[in-house]
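For reference, the structure is listed below as structure tokens.
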Amino acid sequence: MPDSANSFLTEWHRIVAEKDLVTLEKVLAEDVSMGAPPYWQKLSGRPLVHHLLGLIVHTIEDFTYHREWQRDGELALEFTGHVGDLELQGVDLISLDETGRLIQNLDVVMRPLGTIEALREIIAPQMAAYLAGKNS
């Protein structure tokens, strides 16, 4: 799987840099799960995870990957960025499916807490509106 993981990483970096939400949806497995601050429970399903990632991509400024590690279909990508004037640092932990082309699981860890809270204040109302619209 190393070759497919390398191909995936090349495409992933392009998707994030270009904020290509159309292709982003295509690299998420249908039953993808995501753990992200400030949610304790994992979010599941392509539409929900795609929506949250779209919000994050458009909210975090100067998002930049710095280092990456991979082992088979498991990837760790260190990143930095800003939410307003607040700096953040984090790691995307990505598990690819058996084909090495789709994200099966994505866990995001970030710090510091103040930046996570600022990010939540921006994203939570938009997620609530999205979920309310789905349940109507």
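In region 69-89, is there at least one residue being under 30 Å from K134 (Cα atoms), aliphatic (A, V, I, L, M) and touching a residue at least 40 places away in the same chain (Cβ under 8 Å)? Looking through region 69-89, none of the residues is under 30 Å from K134 (Cα atoms), aliphatic (A, V, I, L, M) and touching a residue at least 40 places away in the same chain (Cβ under 8 Å). Determine if region 69-77 includes at least one residue that is among the basic types (K, R) and closer than 22 Å to H51 by Cα. Scanning region 69-77, I find no residue that is among the basic types (K, R) and closer than 22 Å to H51 by Cα, so the answer is no. Within region 90-121, the set of residues being among the aliphatic types (A, V, I, L, M), more than 16 Å from the chain's Cα centre (by Cα) and closer than 16 Å to H58 by Cβ comprises just one member, A118.
Which numbered condition in (1) touching an Asp or Glu at 6+ places or on another chain (Cβ under 8 Å); (2) in contact (Cβ under 8 Å) with a residue 40 or more places away in the chain is the only one that H51 fails? So the condition that H51 fails would be (1).
Residues in region 58-114 that are among the small types (G, A, S), surrounded by 16 or more Cβ atoms within 10 Å (Cβ to Cβ) and at pLDDT 95 or above: G81, G90, S95.
The single residue among P125, P37 that is touching a residue at least 40 places away in the same chain (Cβ under 8 Å), more than 30 Å from D3 (Cβ to Cβ) and either of a type outside the set (A, V, I, L, M) or surrounded by fewer than 14 Cβ atoms within 10 Å (Cβ to Cβ) (or both) turns out to be P37.
The values are calculated or read from the model by the stated rules, or taken from the named source; none is laboratory data. The shown structure was predicted, so the numbers you read here are calculated from the model rather than taken from an experiment. Positions of Cβ are backbone-derived with ideal geometry, glycine not excepted, and every protein chain shown enters the neighbour counts.
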